[in-house]
Every structure is written in C-alpha cells, then in structure tokens.
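The values are calculated or read from the model by the stated rules, or taken from the named source; none is laboratory data. Just so it is clear, the model here is predicted, and its values are computed rather than measured. Please note: Cβ atoms are built from the backbone with ideal geometry, for glycine as well, and neighbour counts cover all protein chains shown. These accessible areas exclude ligands, DNA and RNA; they are computed on the full protein's heavy atoms, side chains included. Shrake-Rupley method; radii C 1.70, N 1.55, O 1.52, S 1.80 Å.
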Amino acid sequence: MKRGRLLGQLSPARQLDVIAEGLPVLLKSADDLLKAADELDAHPRASAILVGHATEELAKLLVLIDIVRCPPNIRGGLVGTMFKWFYEHLPRLIYAEAQDWRPTTIDQLQEYVDNSRKTHGLEGLVGEHILPNWTLFSRESRLYADIVTYEDGEPTWNEPSEAATALWDQRPSIWHVAKALNDVGAITRPGLDILSEVWGRVEFSGSIDCYSTGRGLSQTMLERLHSANLISEHAQKEQLRWLYNSWQVPMYRIDFKPIQVSLEELKAAREAALWADVGYGYGGY
C-alpha cells in the first residue's frame, strides 16, 4: 500500500494509464460508503464517519485529476508532493472544502488554504477559546474516544458525538463534482488525454484569474469531450454548474503543509483581540 509515488518514475502516458484505472475505483469506493451511510439513519455517528471516509476517497480522485491537469513540463516534479497530499488526511479534507470556495487568484486560494492548515486557532467573541485545527479535530473526535487536554493541561475524555453533522441525503459538493466528471467522460483514458491537453496549456500559479481562466478551460474541455463522443447518456445539463461553478482550479502549486502555531502566538493574538474589543487604541477607555 501507499506506493503511489511510483507514478513519478513512469512515462507521462503510463501515468495517465494508471490514473485512468484508479479513478473509477475511487468513485465506486465513495459511492459504496455513501450508500451505506444512507441506511444508517438510526446511527448518525456511524453515518457521518462513512460520509467522511467517502469524502476523502473523492478528494483522492481530485488530487489525481490535478496531476493530470499539470502542465507536462512540471508534472514529473510535482507527482511526489501530490501523492503526499493523496495519503494525508488534512490535505484531502481541505481539497473537499475547496470545492465550495471562490478565490479570484491562486494567491488568494493559497490564503484560503492557509486558514485551514493552521495547527491551532482562536474561537469565541474575543478568541477566548484555543482550539486545534478544526478540520482535523472534527474528523478525529468523531472517530475516536481518547484523552484530550485543554489549555490548562488537565486530561479529560473525548466522547465521540452521536449528533448528525448534516442531512446526508444531500451529497457533498465534492461528490457532485466527481460524478459530473465521470458522466461527461473526463475520467476515461481518452478523457484524461483531453484534460491533460486542455488544462496543461496553463500553469495555475500567482495572480492568474481563477474564474475566467478555469471557466474557459472547462468549456473547451467539455467541447472536446463532446466531439470525441465521450459524454455519457447519464450526463445531465444541471451537472454543468458543478463543473463551471464548483470544480476548483488545479491546486498543484498550493502548499498544504500544516502551519505550526505556538501557544505564545495564540495568547498574544487573544490579548490583542481582547484589547481591540474594549476599544484600546481606538479612543476607548
């Protein structure tokens, strides 16, 4: 297991061969988990765990798609890093969150990711609560009963919540994106050639306009898929909005490494928030 980095040693064509074999496997894995979650109305925690697992499988699918969308001249140097994300929980969870983000540039997309990859943060009206990374903590606290500590260092038990986190009869955005890519034929082997040729023309970095560039490439991709008769009879017109409006632009240049935040930094930020709240420096008393 966990041998995906070997793709970096393969030729570009063979890379696409292997990815094309894996994408339907990941989509089926996610679908099986979501269907099982649908049957667990009386067990909301178990249902949420299955949905969370399915979401991470779909994130792995989109990481592979982003490898395909890399310009060929830089793909080889990024495969190893992207498979690191493929195997780690936080990057996968951020990938899923990112399908609902609307950055204007790649630099802004990085800022959004930065907010989600900090190891700790402040919550509350004036930052009175110091919490671990909420994305990871939500996953771990749902899965495991374990001893946790608060700011005072006192140990206490985390009891996994039985509360449902959402209405799971509504599929998450990442599922709609993956399903749309499947139904328009993008994850077939010929479809991956089209993705690579169309998206590989542009390197997504810096101040490039995410909306107009991404939308234009999506349209070109769909036209090419249609001309190649790859769009499935199951494809629906409404799925276009998921590809145009939700499918995130390629994130191969984004840094997903956790940002370490010290307790001293958090306490200083909390004190600053408190003074700002009472008006210190703004004519307050």
*Return yes or no: is ARG45 among the charged types (D, E, K, R), modelled with pLDDT of 90 or more, touching a Ser or Thr at 6+ places or on another chain (Cβ under 9 Å) and more than 27 Å from ASP183 (Cβ to Cβ)?*
yes
*asked:* Go through region 239-285 and report how many residues are of a type in the set (A, V, I, L, M), at pLDDT 90 or above and under 22 Å from THR119 (Cβ atoms).
replied: 4
*Scan region 17-59 residue by residue and report those that are surrounded by fewer than 17 Cβ atoms within 10 Å (Cβ to Cβ) and β-branched (Val, Ile, Thr).*
VAL18, VAL25
*Can you name the residue in region 98-114 that is crowded, with 18+ Cβ neighbours inside 10 Å and within 10 Å of the chain's Cα centre (by Cα) and is also nearest to TYR244 (Cα to Cα) among such residues?*
GLN99
*Could you pull out the residue among HIS120, HIS129 that is surrounded by 16 or more Cβ atoms within 10 Å (Cβ to Cβ), within 14 Å of LEU266 (Cα to Cα) and not aromatic (Phe, Trp, Tyr)?*
HIS120
*Within region 223-261, how many residues turn out to be more than 18 Å from the chain's Cα centre (by Cα) and assigned to a loop (DSSP other than H, G, I, E, B)?*
13
*Could you tell me whether LEU62 is touching a helix residue (DSSP H, G or I) at 6+ places or on another chain (Cβ under 6 Å), under 27 Å from SER207 (Cβ atoms), open to solvent by 20 Å² or more (accessible area, probe 1.4 Å) and modelled with pLDDT of 95 or more?*
no
*When residues of region 189-232 are filtered for being under 14 Å from ALA20 (Cβ atoms) and either open to solvent by 50 Å² or more (accessible area, probe 1.4 Å) or touching a Phe, Trp or Tyr at 6+ places or on another chain (Cβ under 6 Å) (or both), how many remain?*
3
_What pairs come out if I take residues in region 19-32 that are closer than 18 Å to GLY191 by Cα and pair them with residues that are basic (Lys, Arg) and open to solvent by less than 70 Å² (accessible area, probe 1.4 Å) whose C-beta lies under 8 Å away, six or more apart or interchain?_
ALA20/ARG189; LEU26/LYS60; LEU27/LYS179
